[in-house]
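Scroll down for the structure; my scribbles are underneath it.
The values are calculated or read from the model by the stated rules, or taken from the named source; none is laboratory data. Note that this is a predicted model, so its numbers are computed, not measured. Backbone-built Cβ (ideal geometry, glycine too); neighbour counts: all protein chains shown. Ligands, DNA and RNA are stripped out before the accessible areas are found, and what is left, the full protein with its side chains, is counted by its heavy atoms. Shrake-Rupley method; radii C 1.70, N 1.55, O 1.52, S 1.80 Å.
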Amino acid sequence: YRKEKLTQEGELLKLIKNGFLNDEIFVTKNHFDSVLKMYRNKFGLLGYDGKNSKVKVVFMTGLVGNAFWAGSFFGMGVNSGDTKGLSQAPDVVGHEFTHAVIEHTSNLAYLKESGGLNESLADIFGEYSQYAAGLVKVPWKMGEDAILYGSKTPLRDFRNPENGLSKQPTSMADLKTE
């Protein structure tokens, strides 16, 4: 697992020296290990690309409440102030890992309905990876282990999509089109 700082180098070094990022890296590594195990044991998939490629994680202090798959690495915002980073939520790690799996195993473009399927599959497999690891605290809530900007509201609530921090449509009729 690789750690880098894409903005101010000194801020990351301060986090490491104070022990904050070390714990975060340990927890994140365990979450990725659980997701890898789930994909291997349940689906026979070796790594996100089927080739057992190394998982690269970049921790960014300037990206507090976000996580993403960037095509060659996973970006994770770090804990800061009243935010416990998304890398600390096993279902979010599984969600982002699933985006990598989707990129390497399907032809789903990340836009319109195809993008919606991509996002939904990542949500479902992210939640399933947390279940497979025995870490579900609140079923069908994404990111309940993260605390974003002081709020304990989950990132997504699958039973009540309008209730999460990331509001989702409850039906196709609620879908906003551009």
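Here are a few things to note about the model shown:
- Test: residue 12 is open to solvent by less than 10 Å² (accessible area, probe 1.4 Å) and modelled with pLDDT under 90: yes
- Residue check, residue 144 closer than 20 Å to residue 169 by Cα and open to solvent by 10 Å² or more (accessible area, probe 1.4 Å): yes
- Boolean, residue 35 is within 18 Å of residue 127 (Cα to Cα), modelled with pLDDT under 90 and among the β-branched types (Val, Ile, Thr): no
- Verdict on residue 157 being surrounded by 13 or more Cβ atoms within 10 Å (Cβ to Cβ) and on the phi < 0 side of the Ramachandran plot: yes
- Residues that are of a type in the set (D, E, K, R) and part of a strand (DSSP E or B) were ranked within the stretch 141-156; the one that is nearest to residue 27 (Cα to Cα) is 141.
- 3 or more residues exposed (fewer than 14 other Cβ atoms within 10 Å of the Cβ) and either modelled with pLDDT under 95 or of a type in the set (Val, Ile, Thr) (or both): qualifying strands (runs of 3 or more DSSP E) within the stretch 45-140: none
- Residue count, the stretch 42-58 (criterion: in contact (Cβ under 8 Å) with a residue 12 or more places away in the chain and either more than 18 Å from residue 102 (Cβ to Cβ) or not basic (Lys, Arg) (or both)): 7
- The stretch 118-130 residues that are closer than 13 Å to residue 143 by Cα, paired with ones that are among the acidic types (Asp, Glu) (beta carbon under 7 Å, 6 or more apart): 126/91; 127/91; 129/91; 130/91
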